[in-house]
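Since the structure comes first, as structure tokens, the remarks are kept for the end.
The values are calculated or read from the model by the stated rules, or taken from the named source; none is laboratory data. Everything quoted here is computed from the prediction, not taken from an experiment. Reconstructed Cβ throughout: ideal geometry from the backbone, glycine too, with neighbour counts over all protein chains shown.
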Amino acid sequence: MNDDRHSPFRDAYTDRTATEGAPDTPQTRSPSYALAFADNEFMAREDLRSVRLQLELLKPELMMNEAQIESTIVLFGGARIPDPINKDDARTQTLSDLSYFYDEAREFARLMTQKSIKAGGCKNVIVTGGGPGVMEAGNRGAYEAGGNSIGLNIVLPFEQAPNAYVTPDLSFNFHYFAIRKMHFLMRARAICVFPGGFGTLDELFETLTLIQTGRMERIPFLLFGQDFWKKIINWEALSDAGTISADDLNLFRFVDSALEAMDIIKMWGTTEKRGAVPGR
């Protein structure tokens, strides 16, 4: 991480290096002698949670600023959605059928990245969770278009490496789900949600809640796969019960293809800003 600001004080890098060459004595071997910021055991203490939260917020923010990332297009979706080439290995027929959306996520990311590159490559950069399935498809489409993409991975009980298509310098790893979700949305100019499981539903509903309650500005919110989303969520029942308003059903749109999504995002600036409510 580069920092061009000049300071008259000795920098932390120098002191950290200097301590590595300190004389070997009982005092220097004691954990108490380690520089606090270079002491992994100290940084992992329960009492340091607030510091870790801040660091996890700051590190990706600073590095994305240095990469001049101005805005992003978010892709949420299931890690288990297979590449159509491997769909015969899917554990269920439904997952095999949903492999269609791997290709649509890949194509959408490719088209969006081509458009981003023409505008300088810093706006509307694809961001995914950095894992397999739909996430891989999004990063892959951006890679095939010759552009950068972001991966926001998270440490899970089972080992998960970032997919091979995430831009290496924009591949981040998180401990806190909450901070990770903040980074998904801080630069978002559109949200695209593909079929998925609990994680995808969590991301979908938290983002919709932020928009519904005015905690986040309204942006294109696209649910890929109308049949899938209408089957697993009875949206109209929520409205009929009065637990959401009828207008809340206009916070999102169903789409089934990359081209349809591209058209809606393109038209957003000319319709939504004039106050027109897009149809469902």
Considering (1) surrounded by fewer than 22 Cβ atoms within 10 Å (Cβ to Cβ); (2) without any contact (Cβ under 8 Å) to a residue 40 or more places away in the chain; (3) not charged (D, E, K, R), say which one GLY197 fails and leave the rest. (2)
Name the pairs whose Cβ atoms lie under 8 Å apart, with the first residue in region 19-32 and free of Cβ contacts under 8 Å to residues at least 60 places away in the same chain, the second surrounded by 10 or more Cβ atoms within 10 Å (Cβ to Cβ) and among the hydrophobic types (A, V, I, L, M, F, W, C), and 6 or more positions between them or separate chains? THR19/ALA34; THR19/LEU35; THR19/ALA38; THR28/ALA22; PRO31/PHE42
Every residue from region 22-69 that is part of a loop (DSSP other than H, G, I, E, B) and surrounded by fewer than 14 Cβ atoms within 10 Å (Cβ to Cβ): ALA22, PRO23, ASP24, THR25, SER30, LEU35, ALA44, ARG45, GLN68
Screening ASP39, ASP97, ASP83, ASP103 for residues that are in the same structural domain as ALA190 (by TED's automatic domain parsing) and without any contact (Cβ under 8 Å) to a residue 24 or more places away in the chain leaves only ASP97
Is it the case that some residue within region 131-141 is surrounded by fewer than 18 Cβ atoms within 10 Å (Cβ to Cβ) and at negative phi? no
Condition set among the charged types (D, E, K, R) and touching a helix residue (DSSP H, G or I) at 6+ places or on another chain (Cβ under 9 Å), scope region 248-265, selection nearest to LEU111 (Cα to Cα): answer is ASP256
